[in-house]
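First comes the structure, then the notes that go with it.
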Amino acid sequence: MATLTVPAQTEQIDRLQDVLHQQLEGTQCPMGLALQLELVVEEAFVNIATHAYTQPGGTATFTCQVDQEARQIMLQFQDQGMPFNPLARPDPDTTLKAEDRKIGGLGIYLIKKTMDKCEYAYTQNTNILTVWKKY
Amino acid sequence: MKITKTQAGQTITYVVSGRLDTVTAPDLGKEIDAVTPDIKELVLDFDGLEYISSAGIRTVLTAQKKMNKQGVLKLRHVCPAVLDVFELTGFADILTIEK
């Protein structure tokens, strides 16, 4: 298991992706799934970096755990920003034509669609988003 | 991400490789913003593009909306991983993706 706390700034994203790749090394996680996990890391972290804090100086904590026996990967994202449950957001309408498409909400939707299980909790002033995926 | 632009008459082709994500999507966005109204065909050739996130999808949507007004947008050489993301978000239905 690895945990990393970084400033909640978009340009820190590579440091999270590095942690993910280190944890996936030596597992039999297929390439396609690794890309999906990268996508989840980007979408979840960028949401925190963009929306969580009204003041500069906030941080985000990323945890990645690979359970080789259960063949399951857990990713967790924590921030101390405004309470916000991304999973409660309505899904975007994916049947609209281009002109009517909204640009918001796609990232969370991709997380929900690609992962097996997603949970949100708010405790001790901390937003906690946890996702699991079998491989 | 690497972008290579070629223009032939009223057609512009951008060959985009690498990753189209939060960090790189604005670069492609600037290119698309600069496409002039006389261009009738815009081609995004994703040969070598291995990853796209919602930020990249937004840029493609911006291109689609722009070209709806003045011509056509075509996507070429979309790899399975990128196609997956278009399909999951329902964008495969509103984009012209050439096989």
Handout entry: Matching residues, the range A:111-135, being among the charged types (D, E, K, R) and more than 9 Å from chain B (Cβ to nearest Cβ)
Key = A:K112, A:D116, A:K117, A:E119, A:K133, A:K134
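Mind checking whether some residue in the range A:101-110 is more than 14 Å from chain B (Cβ to nearest Cβ), of a type in the set (K, R) and without any contact (Cβ under 8 Å) to a residue 60 or more places away in the chain? Can you show your working first?
Taking the range A:101-110 and keeping what is more than 14 Å from chain B (Cβ to nearest Cβ), we get none.
No: the range A:101-110 contains no residue that is more than 14 Å from chain B (Cβ to nearest Cβ), of a type in the set (K, R) and without any contact (Cβ under 8 Å) to a residue 60 or more places away in the chain.
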Completion exercise
Checked the range A:1-36 for anything within 13 Å of chain B (Cβ to nearest Cβ), loosely packed, with under 12 Cβ neighbours inside 10 Å and either among the acidic types (D, E) or under 16 Å from the mean Cα position of the chain (by Cα) (or both); matches are A:E11, A:D14
Fill in the blank from the handout: Exactly one of A:E99, A:E69, A:E119 is surrounded by fewer than 17 Cβ atoms within 10 Å (Cβ to Cβ) and part of a strand (DSSP E or B), and that residue is A:E119
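Every number here is computed from the coordinates shown, using simple stated rules; none is lab data. What you see is a predicted model, and the numbers here were worked out from it, not measured in a lab. Cβ sites come from the backbone with ideal geometry, for glycine too, and all protein chains shown count toward neighbours.
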